[in-house]
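Q: Would you mind keeping the following structure in view while I ask a few things?
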Amino acid sequence: MKMWSGRFKGALDRKADAFNSSLSFDKRLYKHDVMGSIAHCTMLGECGIIPKEEAELICKTLSEIFYDVKNGKLKVVGAEDIHMFIEEELTTRIGDVGKKLHTARSRNDQVALDIRLYLREELDTIAELLHTLIKTLITLSNENLDTVIAAYTHLQKAQPTTLAHYFMAYAEMFLRDLERLSECRLRINVMPLGSCACTSTTYPIDRKNVANRLDFADVTHNSLDAVSDRDFAVEFLCACSIIMMHLSRFNEEIIYWASDEFGYIELDDRYSTGSSIMPQKKNPDMSELIRGKTGRCYGDLMALLTTMKALPLAYNKDMQEDKEALFDAVDTVKMCLDIFTDMLPTLKYNKESLRSGADKGFTSATECADYLVKKGMPFRDAHGVIGRLVLYCSEQNKRLDELSIGEYKSFSELFDNDVLNCVKAENAVQNRKAVGSPSDKAVKAEIKRAEKLLRSYFPET
Ligand code: ARG
């Protein structure tokens with residue numbers, strides 16, 4: 001019999017019952033549901049809303065239920081949702097006293113609380129994974145401060161840079177992800193219990209007491225909003241989607257850097273797979289899966305946004321649909337960050353082909369134009385001269401650093417012997433000293449800044 005069956009004459013249709021139930025997936029929230037119930041019940045006892053001894057018995061039994069579920073002694077089946085399951089089990093164990101737990105509470109504020117507790121915990125785990133990934137990127141950067149590579153725009157060779165500068169570009173993205181998560185955490189970390197079904201309650205509850213017990217920074221300030229707000233969940237999914245977008249871009253580059261055409265990296269055997277028919281294949285499946293799973297995470301975000309878009313105040317059952325999207329995104333992001341951070345240091349960089357990649361494609365052309373500017377030519381004119389010089393090189397099948405000084409001079413009298421130094425890729429890199437540029441000094445400064453930022457998020461390490 002349903003706990004709410006009082007006003008009904010007949011039973012729920014069997015298929016409708018199964019359709020209505022969320023237990024198969026929201027059982028994942030059992031720990032958070034018990035935590036929330038213990039805090040609520042302790043407050044009920046302290047405020048004299050139920051007798052203290054009864055509150056103590058309820059809390060003790062709740063924690064026994066928690067351990068029984070955790071240890072697999074108690075199977076989570078047969079109820080409408082996890083909230084009902086735990087309350088029914090409580091009442092089975094201690095009889096009428098158990099029926100007092102739901103005083104001054106509704107499943108609407110209860111589920112809002114559970115999701116916040118769950119997301120707060122998972123968010124911290126994801127932040128930890130980002131932390132490890134950024135530290136890995138910093139290590140790789142320190143090892144590659146002078147590994148010259150080509151930077152691309154439009155996937156065409158652009159200018160020389162270093163592998164360290166490239167890795168730190170991704171570190172910047174993941175640092176922004178950390179910042180986004182920490183801002184999202186502020187909105188998650190607000191306690192909705194006491195809003196009850198939608199207009200709070202007449203019991204003399206102490207909402208701050210519950211918030212303190214559960215380590216929330218504040219309580220929600222409008223009961224209608226509190227039971228129907230999932231902004232924090234949308235925001236969380238958005239932060240997850242952006243993390244996945246960053247991972248996906250990174251992995252896209254790994255995929256084509258590992259191709260025969262680029263030959264910049266070789267995948268480690270531990271993180272690549274073969275073909276069932278083509279014996280020669282070594283495929284970047286991990287990177288492809290991360291790129292592919294980005295789509296499902298975006299799907300989770302779109303699903304929740306769409307579910308919420310026309311919901312009237314306050315709680316609506318549509319909102320039960322929030323959970324699977326959140327669980328899926330949490331699992332996906334954690335899995336991808338974890339495997340990617342393991343895989344990243346195993347990639348073998350072919351420094352010769354990276355270097356020759358940087359030497360080809362006239363990546364020092366901008367440098368050459370700047371050279372003429374420094375000798376007094378207006379930039380637009382210098383751009384024209386070097387454009388003609390590049391055309392000449394490509395017709396002669398030569399690189400800029402292979403031209404003789406005579407050939408340079410035939411394009412402009414301003415060229416001197418020192419131009420041959422200027423077009424060397426490593427010099428082009430080291431001469432870029434402004435904040436954010438690829439010279440090792442500038443990159444080292446950004447590594448320091450990144451480390452400092454990490455310490456501000458994770459002070460204990
Ligand atoms: N299983 C429900 C959910 O996940 C819990 C809240 C149900 N509230 C209600 N009044 N039916 O949203």
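The values are calculated or read from the model by the stated rules, or taken from the named source; none is laboratory data. These numbers were taken from a predicted model, which means no experiment stands behind them. Positions of Cβ are generated from backbone atoms using ideal geometry, with glycine treated the same way; all protein chains shown enter the neighbour counts.
Q: Mind telling me which of the residues 225, 231 ends up being surrounded by fewer than 22 Cβ atoms within 10 Å (Cβ to Cβ), within 15 Å of residue 109 (Cβ to Cβ), among the charged types (D, E, K, R) and modelled with pLDDT of 95 or more? Give the derivation first.
A: Numbers: 231 fails: within 15 Å of residue 109 (Cβ to Cβ).
The match here is 225.
Conditions tested, residue by residue: (1) surrounded by fewer than 17 Cβ atoms within 10 Å (Cβ to Cβ); (2) of a type outside the set (Val, Ile, Thr).
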{"position": "312", "(1), (2)": "yes, yes"}
{"position": "315", "(1), (2)": "no, yes"}
{"position": "320", "(1), (2)": "no, yes"}
{"position": "323", "(1), (2)": "no, yes"}
{"position": "339", "(1), (2)": "yes, no"}
{"position": "342", "(1), (2)": "yes, yes"}
{"position": "346", "(1), (2)": "yes, no"}
{"position": "349", "(1), (2)": "no, yes"}
{"position": "357", "(1), (2)": "no, yes"}
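Q: Taking into account only those residues within region 190-241 that are assigned to a loop (DSSP other than H, G, I, E, B) and closer than 18 Å to residue 321 by Cβ, which is farthest from the ligand (Cβ to nearest atom)? Spell out how you get there, then give the answer.
A: Applying the first criterion (assigned to a loop (DSSP other than H, G, I, E, B)) to region 190-241 yields 192-206, 214-217, 220-222, 229-230.
This time we only want the ones that are closer than 18 Å to residue 321 by Cβ, so: 229-230.
Working: 229: 13, 230: 10 Å.
It comes out as 229.
Q: What helices (runs of 4 or more DSSP H), lying completely within region 387-431, carry at least 1 residues that are within 15 Å of residue 367 (Cβ to Cβ) and β-branched (Val, Ile, Thr)?
A: On the way: elements: 405-409, 419-422, 425-430.
Here the list reads 419-422, 425-430.
Q: Applying the selection to region 127-182, what residues are within 30 Å of residue 399 (Cβ to Cβ), out of contact with any Phe, Trp or Tyr (no Cβ under 9 Å at 6 or more places or on another chain) and among the charged types (D, E, K, R)?
A: Of everything in region 127-182, those that are within 30 Å of residue 399 (Cβ to Cβ), out of contact with any Phe, Trp or Tyr (no Cβ under 9 Å at 6 or more places or on another chain) and among the charged types (D, E, K, R) turn out to be 143, 146.
Q: Anything in region 91-106 that is over 34 Å from the mean Cα position of the chain (by Cα) and either within 11 Å of the ligand (Cβ to nearest atom) or among the small types (Gly, Ala, Ser) (or both)? List them, or say none.
A: Filtering region 91-106 for residues over 34 Å from the mean Cα position of the chain (by Cα) gives 91-104.
Result: 95, 98, 104.
Q: Still on this structure: Residues of region 306-337 being in contact with a Cys (Cβ under 7 Å, 6 or more places away or on another chain) and either within 14 Å of the ligand (Cβ to nearest atom) or among the small types (Gly, Ala, Ser) (or both), which ones?
A: Let us first name the residues in region 306-337 that are in contact with a Cys (Cβ under 7 Å, 6 or more places away or on another chain), namely 314-315, 329, 332-333.
Scanning region 306-337 gives 314, 315, 329.
Q: How many residues are modelled with pLDDT of 95 or more and within 30 Å of residue 184 (Cβ to Cβ) when one looks only at region 406-461?
A: Counting residues in region 406-461 that are modelled with pLDDT of 95 or more and within 30 Å of residue 184 (Cβ to Cβ) gives 17.
Q: If I go through region 159-189 residue by residue, how many of them are outside any helix (DSSP H, G or I) and surrounded by 23 or more Cβ atoms within 10 Å (Cβ to Cβ)? Full working, then the answer.
A: Within region 159-189, the first condition is being outside any helix (DSSP H, G or I), and the residues that meet it are 159-162, 189.
Remaining after also requiring surrounded by 23 or more Cβ atoms within 10 Å (Cβ to Cβ): 160-162.
Residues in region 159-189 being outside any helix (DSSP H, G or I) and surrounded by 23 or more Cβ atoms within 10 Å (Cβ to Cβ): 3 in total.
Q: Okay, next question. For region 11-116, please list each of the helices (runs of 4 or more DSSP H) lying entirely inside it that holds at least 2 residues being touching a helix residue (DSSP H, G or I) at 6+ places or on another chain (Cβ under 6 Å). If you could, list the steps in order and put the result at the bottom.
A: Details: elements: 14-20, 23-26, 30-46, 52-70, 82-94.
Once the helices (runs of 4 or more DSSP H) in region 11-116 are filtered for at least 2 residues that are touching a helix residue (DSSP H, G or I) at 6+ places or on another chain (Cβ under 6 Å), what remains is 23-26, 30-46, 52-70, 82-94.
Each row is one residue, and each column tells you yes or no for (1) aliphatic (A, V, I, L, M); (2) over 21 Å from the mean Cα position of the chain (by Cα); (3) surrounded by fewer than 17 Cβ atoms within 10 Å (Cβ to Cβ); (4) within 16 Å of the ligand (Cβ to nearest atom).
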residue: 108; (1), (2), (3), (4): no, yes, no, yes
residue: 118; (1), (2), (3), (4): no, no, no, yes
residue: 138; (1), (2), (3), (4): yes, no, no, no
residue: 144; (1), (2), (3), (4): no, yes, no, no
residue: 157; (1), (2), (3), (4): no, yes, no, no
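Q: Still on this structure, I have one more. Being of a type in the set (Asp, Glu), within 13 Å of the chain's Cα centre (by Cα) and either modelled with pLDDT under 95 or closer than 22 Å to residue 135 by Cβ (or both) is the filter here, so list the residues in region 327-364 that pass it.
A: Once the filter is applied, which keeps residues that are of a type in the set (Asp, Glu), within 13 Å of the chain's Cα centre (by Cα) and either modelled with pLDDT under 95 or closer than 22 Å to residue 135 by Cβ (or both), region 327-364 yields only 338.
Q: Are there any pairs with C-beta distances below 8 angstrom linking a residue in region 65-94 that is closer than 13 Å to residue 29 by Cβ to a residue that is hydrophobic (A, V, I, L, M, F, W, C) and more than 16 Å from the ligand (Cβ to nearest atom), with the two at least 6 apart or on different chains, and if so which?
A: 76/69; 86/62; 86/65
Q: Hey, another quick one. Right, residue 88: surrounded by fewer than 20 Cβ atoms within 10 Å (Cβ to Cβ), of a type in the set (Asp, Glu) and within 16 Å of the ligand (Cβ to nearest atom) or not?
A: yes
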